Amino acid sequence: MADIDSLKANVKRLKLEIKRAKKDLKEAKDNEAVNVYFHDKTNLQIVQEICENLVGERGETVNACMDHLKGVYINIYDYVEGDYEQTCFSLQDLKKRCIKRGYFKLDRAKNEHLKALLKKLFF
């Protein structure tokens with residue numbers, strides 16, 4: 001009986017290790033994509049590019065771009081990976097997409113010039 005309990009404990013431990021490894025791999029891929037995308041760009045350039053990619057227009061200022069982005073919602077993982085087809089036009093659609101795709105870490109989004117894509121989601 002002790003052998004079975006020991007095997008179960010090992011299986012449980014291995015499953016946790018696999019889960020952590022998958023999470024670490026996903027984070028590494030996301031970090032690489034974000035670093036490539038935003039390397040050597042100013043905040044204005046980044047916001048203008050986000051604006052152009054999602055609404056087809058570039059504002060002259062950050063505030064102008066933010067005005068263009070009102071009512072446009074996209075999961076940040078989708079945006080960073082270039083999947084602009086997943087743009088949502090309601091918070092409900094964005095919530096569903098985030099549940100399916102995952103949530104981008106808030107501190108990373110703020111540190112990596114992705115503030116323009118942040119929306120408050122209330123559940």
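The values are calculated or read from the model by the stated rules, or taken from the named source; none is laboratory data. Predicted model, so just to flag it, every value in this text is computed and none were measured. All Cβ positions, even for glycine, are placed from backbone atoms using ideal geometry, and neighbour counts span all protein chains on display.
The set of residues in region 72-94 being under 13 Å from the mean Cα position of the chain (by Cα) and either at pLDDT below 80 or among the basic types (K, R) (or both) consists of Q86 alone.
Does T61 meet the test of being among the β-branched types (V, I, T) and modelled with pLDDT of 90 or more? When the stated conditions are applied, T61 passes them. Within region 12-56, being surrounded by 10 or more Cβ atoms within 10 Å (Cβ to Cβ), β-branched (V, I, T) and either at pLDDT below 80 or within 22 Å of Y73 (Cα to Cα) (or both) holds for V34, I46, V47, I50, V55. The numbered conditions (1) more than 15 Å from the chain's Cα centre (by Cα); (2) more than 12 Å from K119 (Cβ to Cβ); (3) part of a helix (DSSP H, G or I) are all true for I50 except (1). Taken over region 68-85, the criterion of being surrounded by fewer than 14 Cβ atoms within 10 Å (Cβ to Cβ) and either in contact with a helix residue (DSSP H, G or I) (Cβ under 9 Å, 6 or more places away or on another chain) or assigned to a helix (DSSP H, G or I) (or both) is satisfied by G82, D83, Y84, E85.
Close Cβ contacts (under 8 Å, 6 or more residues apart or on different chains) running from residues in region 103-123 that are on the phi > 0 side of the Ramachandran plot to residues that are at pLDDT 70 or above comprise H113/K41; H113/N43; H113/I46; H113/V47.
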